Each structure stands twice: as structure tokens, then as C-alpha cells.
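Some notes on the structure that comes next.
The values are calculated or read from the model by the stated rules, or taken from the named source; none is laboratory data. The structure displayed is predicted, hence computed values, not measured ones. When we count neighbours, we look across all protein chains shown, and the Cβ atoms used for this are built from the backbone with ideal geometry, even at glycine. These accessible areas exclude ligands, DNA and RNA; they are computed on the full protein's heavy atoms, side chains included. Shrake-Rupley method; radii C 1.70, N 1.55, O 1.52, S 1.80 Å.
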Amino acid sequence: MSDSQINVQGQEAIKTIKELVSHVRTCVMMTALSKRPISTYPMGIQKVDEKGRIFFLSDKDSDKNREITLSNEMQLTISNDSDSEYLSIYGTAEVYRNQTEIDEMYNALANNWFDGKEDPKVTIIRFTPKEGYYWDTKHGKMIQFAGMLVGAITGKPASDGKEGKISV
């Protein structure tokens, strides 16, 4: 394992997930993982809780909801290109409806898909992470690129980032 590879578990994994997700509002959700091609959906992240679970709003009649009902395995990829932070995380999902939680998460953007937060089609997808991999350069693209140039000139790696496995 290199100096930049830092595997995290438990509370440290949850902290890493929350930190990386806090910089982005969207991700790619993959369901029906045993089917080819894998179903993929761009999704707006509504919140991350203290257990590292990630929440989404979804239409009760959507393909993703049906697929989660058939198999709750799910993969998320999260990308913050501006700061060169990335996360690929595997876990399980469940679909449910809880009006109190919907009221908390619902925002004006959701009106593009629903007729308000009282719309009976609004459901919640709760993703519970299990394991994955993250990449975090700490200082963004420009400093990472400068470090790579220094490394190319000196012949010594100049990585200031970290990466590693995540196990929740």
C-alpha cells in the first residue's frame, strides 16, 4: 500500500463519505446490477445521515423503484471534478414513503417531477453503503497538476492526495 492509500472503516468511512458527498448534489445511481447493461440514473442527493446513508426522492412508478424492489443491490458513483474527489460505493437500497421525511427533503427543484410534496407518487430511496473506493486529491486539479509536473521534472512522485477502500 502506498503512502497515499488510506483505507477507512466504520466511523472514519462514514466521515469520508459525508465529506465527499457534501461537495456535490448529484451522482449516478446503478440498479439491477446483475442485468446488462446495468441501469443507470443521474440522481439528486437529498441528504446524508449520521450513518452515512444517502437519500433520494423518486417516483413510485419509476423503473429504478421497480428494480430496487426486485434486487436491493445498488452502486453509486459520485464525482466532484472541480476538486478531483471521487467515490464509488456499493450497498443496498430500500424504497419507502414517509411524509415527514419527504417534507424535510423536498425542494422547489423536485416540482419538475412531482405535483408538490404531498404528491402520492413521491417516495424515498435510502441507500445504505457497505464498501467502495474513494479518491481525494485534497487540493484540487491545479495543485495536483503542478505536483505532477514537479514529479515529471524531478522523477519523484509528488502526490498530495489520498485514496483507499471504504468499509462501513
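Worth a mention:
- Residue match in segment 36-52 (condition: assigned to a loop (DSSP other than H, G, I, E, B), surrounded by 15 or more Cβ atoms within 10 Å (Cβ to Cβ) and of a type outside the set (A, V, I, L, M, F, W, C)): yes
- Every residue from segment 18-31 that is at pLDDT 95 or above and open to solvent by less than 20 Å² (accessible area, probe 1.4 Å): Cys27, Met29, Thr31
- Taking every residue in segment 6-29 that is closer than 18 Å to Thr128 by Cβ and pairing it with any residue that is in a helix (DSSP H, G or I) and open to solvent by 10 Å² or more (accessible area, probe 1.4 Å), at least 6 positions away or on another chain, the pairs with Cβ-Cβ distances below 6 Å are Val8/Thr16.
- One residue from Lys141, Lys130 being among the charged types (D, E, K, R), modelled with pLDDT of 55 or more and either open to solvent by 60 Å² or more (accessible area, probe 1.4 Å) or more than 20 Å from the chain's Cα centre (by Cα) (or both): Lys130
- When residues of segment 38-60 are limited to those that are under 11 Å from the mean Cα position of the chain (by Cα) and of a type in the set (D, E, K, R), the one nearest to Glu101 (Cα to Cα): Lys47
- Evaluation of Lys117 against the conditions (1) closer than 22 Å to Lys15 by Cα; (2) open to solvent by 60 Å² or more (accessible area, probe 1.4 Å) shows that the sole unmet condition is (1).
- Of all residues making up segment 68-81, the number that are open to solvent by less than 30 Å² (accessible area, probe 1.4 Å) and either among the hydrophobic types (A, V, I, L, M, F, W, C) or modelled with pLDDT of 95 or more (or both): 4
- Looking only at segment 82-103, and only at residues there that are without any contact (Cβ under 8 Å) to a residue 24 or more places away in the chain and of a type outside the set (Val, Ile, Thr), the one that is surrounded by the most Cβ atoms within 10 Å (Cβ to Cβ): Gln99
- Residue count for segment 55-86, restricted to those that are among the charged types (D, E, K, R) and within 18 Å of Gly161 (Cβ to Cβ): 3
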